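Undergrad: Below is a structure I'd like to ask you about.
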Amino acid sequence: MSFEEVLRHYSRLEVKEEIARYCAGRWVALEGPGRGERRFFIRYFRDGRPLTISSPSDVEERLHYYRALRPRTVYASINVYARLEETGDVDEPRNVTYTSPIWDVDASLETWREALEAAEVVVSWLEKHGVERSVFLKWSGRGVHIHVHERAFSPELLARHHPLDLAFAVVEFTLRSVKDELKQVASRAPVGERALKVENKVDAKRVFTAPLSLHRVLDLCCVCFKPNDLRSFNPDWAKPGQLRHDKSWSLFEEGEGDELALEALKAVGGYDGWPGAAKRAEARTVVEAEVPTATAQAPLAKLGRFQVMGLLQAARYYLITGDLEKAKSFGLNRAVFYAWAKRYARDRLVQARRPSGQAGNYEGERRVELLGDEGAYVSKRGWFAIGAEEQTPQDYDRQVARRIDAVVPYEEAWRAALDYLKSFPRAVLLDQQRFYNEAYKPIRDDFLSVVQRSRRAGRQATLDQLFGG
């Protein structure tokens, strides 16, 4: 993106208004590539005053003033100040009126799904502790920032405790509480230069990207969204030409964070960066995947054949019929059937292609439904059944989906199963014996390799889509 395109982006009214609304009262920073290879980071006017943005017109004015350095990204402080008129205003603790609790989920475009999973862990924990209306998230371009609005704390609480103490304690206490869950998420992300990391970055002079600012390198914007959009978010929302940004980030409920803040202060204490503060025995929490050593590697997780069969059969049925709920019933039904056949009728595992009767014919209260040349009984309620026992979608979720989810995110396994089966001709999916021998058997003990391939393909497709590859 050329600098002229950068200026056009910041000339949009929505962009200027959102940046100014967020930056009001905050200490601002501008970053860009400068004239040579060295990047610059500006935080003060030339006369020494802290850099600020108070109105939409300020946005373009600041960018044009420093035009020679080609500024690209706008940041704003974690603190909101009473005044920002002199150099020393940013160093005076009593000048801080509010501080935003912010959790930093550092990731990349390759690990954006895992970043959202980590964010969901934090958001869910906050909701359980009564903090919900004041929560919003920002996709920064290479990760997620989880915010609790700084005014979620009552004036009474702020009169007794410094805002920086409250923000630090809430962030640290939360991370310590969900550390194990976050480690599980981080362990599923690829290990590398941009591996998933969640940490407490609350500091007196910390800045975070302003809403609708451009990323420092990527041609993406920082967009805000609320927790109810966590499951639907996609990095496409951050493309400058098709922004999907939720302006309701500014909503808050005064006092809803008080109870959590008091509990956090009691467990953690206040900000650890005050001048002269004694060093604590317990360091700040940083959560990332643990890389096993060569001498003590943890055993790799593995999916059971029953779950793999159930998943693949469900995906097979869904690809042919498009009925997700019936697919779950069919998947569990076939997993139960094959488990029985393996134990009691090994030599007839895939020879008995259908129960007696033809498709659509009833035997008592059951009828036979065929998927290609493989048939199974269906109960009066429409679910597949073996004997008098139905296999319902809820049974599938309990016996197949949840057990898969304990090893790898179920939605990821489901996508991988669909991608894998799409590589086979339809004739294979409609033939019981060919499906068993050609699709199921080769990967029944190594389905996680299928998930890994699907994950890599998905990341590459996202990158190609975002950057026109």
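Undergrad: What list of ³J(HN,Hα) values in whole Hz, one per residue of the range 242-255 in order, does the Karplus curve 6.51 cos²θ - 1.76 cosθ + 1.60 (θ = phi - 60°) give from phi, with Gly and Pro shown as x?
TA: Once θ is set to phi - 60°, the couplings for the range 242-255 become 9, 4, 10, 10, 9, 6, 6, 4, 7, 6, 7, 10, 4, x Hz.
Undergrad: For the range 202-214, in order, what is each residue's ³J(HN,Hα) by Karplus, 6.51 cos²θ - 1.76 cosθ + 1.60 with θ = phi - 60°, in whole Hz (x at glycine and Pro)?
TA: 3J(HN,Hα) across the range 202-214, in whole Hz: 5, 9, 4, 10, 5, 10, 10, 4, 7, x, 6, 6, 6.
Undergrad: Rounded to whole Hz and in sequence order, give me ³J(HN,Hα) for the range 49-65 from the Karplus expression 6.51 cos²θ - 1.76 cosθ + 1.60, θ = phi - 60°, writing x for Gly and Pro.
TA: Each residue of the range 49-65 in turn: 6, x, 5, 9, 9, 10, 9, x, 5, 4, 4, 5, 4, 5, 5, 5, 4 Hz.
Undergrad: Under the definition of Cα pairs under 8 Å and six or more residues apart, what whole-number percent is the relative contact order of the chain?
TA: Relative contact order, the chain: 13 percent.
Undergrad: Another question about this same structure. Using the Cα gyration tensor of the range 155-258, with a ≥ b ≥ c the square roots of its eigenvalues, what is the shape: rounded (a/c below 1.5), prolate (a/b larger than b/c) or oblate (neither)?
TA: Verdict is oblate for the range 155-258.
Undergrad: Give me the net charge for the shell around Arg151: Cβ to Cβ below 12 angstrom, other residues only, Lys and Arg +1, Asp and Glu -1.
TA: -4
Undergrad: Right, here's the next one. Where does each of 88-101, 214-227 land if you order them by average Cβ count within 10 Å, highest first?
TA: Output ranking for 88-101, 214-227: 214-227, 88-101.
Undergrad: Could I ask something else about it? How many angstrom separate the Cα center of the range 112-181 from the Cα center of the range 12-91?
TA: About 25 Å separates the Cα centre of the range 112-181 from the one of the range 12-91.
Undergrad: How large is the charge dipole for the chain, taken about the Cα centre, if only the Cβ atoms of Lys, Arg (+1) and Asp, Glu (-1) carry charge, to the nearest 20 debye?
TA: The dipole magnitude comes to about 1540 debye.
Undergrad: Where the only charges are on Cβ atoms (+1 Lys, Arg; -1 Asp, Glu), what is the dipole of the range 134-238 about its Cα centre, to the nearest 20 debye?
TA: Using only the charged Cβ atoms, the result is roughly 140 debye.
Undergrad: Determine the sum of side-chain charges near Ala76: Lys and Arg each +1, Asp and Glu each -1, restricted to other residues whose C-beta is under 13 angstrom from that of Ala76.
TA: +3
Undergrad: Given contacts defined as C-alpha pairs under 8 Å and at least six residues apart, what's the relative contact order of the range 194-272, whole-number percent?
TA: With pairs under 8 Å counted, the relative contact order is 19 percent.
Undergrad: Over 22 Å between Cα atoms, which of Lys183/Lys239; Lys128/Lys226; Lys205/Lys226; Lys138/Lys239; Lys183/Lys266 qualify?
TA: Lys183/Lys239; Lys205/Lys226; Lys183/Lys266
Undergrad: Mind sorting out which of (1) 93, 74, 15; (2) 37, 32, 20; (3) 53, 25, 20 is the real semi-axes √(5λ) of the Cα gyration tensor in Å computed from the coordinates?
TA: Entry (3).
Undergrad: Moving on to the next point. Using 0.36 nm per residue, how much length does the chain from Ser187 to Lys247 gain when fully extended, once their Cα-Cα distance is taken away?
TA: Value of the extension gain: 18.3 nm.
Undergrad: Related question: Under 29 Å from the Cα of Lys422, which lysines turn up, not counting those fewer than eight places away in the same chain?
TA: List returned: Lys302, Lys326, Lys328, Lys342, Lys441.
Undergrad: Output the peptides 329-336, 409-416 sorted from most to least packed, where packing is the average of other Cβ atoms within 10 Å over each peptide's residues.
TA: So the order, starting with the most tightly packed, is 329-336, 409-416.
Undergrad: Oh, and also: Answer with one residue from Val223, Leu332, Pro442: the one whose Cα lies farthest towards the positive end of the charge dipole of the chain, charges on Cβ with Lys, Arg +1 and Asp, Glu -1.
TA: Pro442
Undergrad: Note down the relative contact order for the range 149-246 as a percent, whole number, built from C-alpha pairs under 8 angstrom at least six residues apart.
TA: 17 percent
Any read-out appearing in this document is the output of simple, stated calculations on the displayed coordinates, not a laboratory observation. None of these values were measured; they are calculated from a predicted model. With ideal geometry, Cβ positions are generated from the backbone for all residues, glycine too; neighbour counts draw on all protein chains shown.
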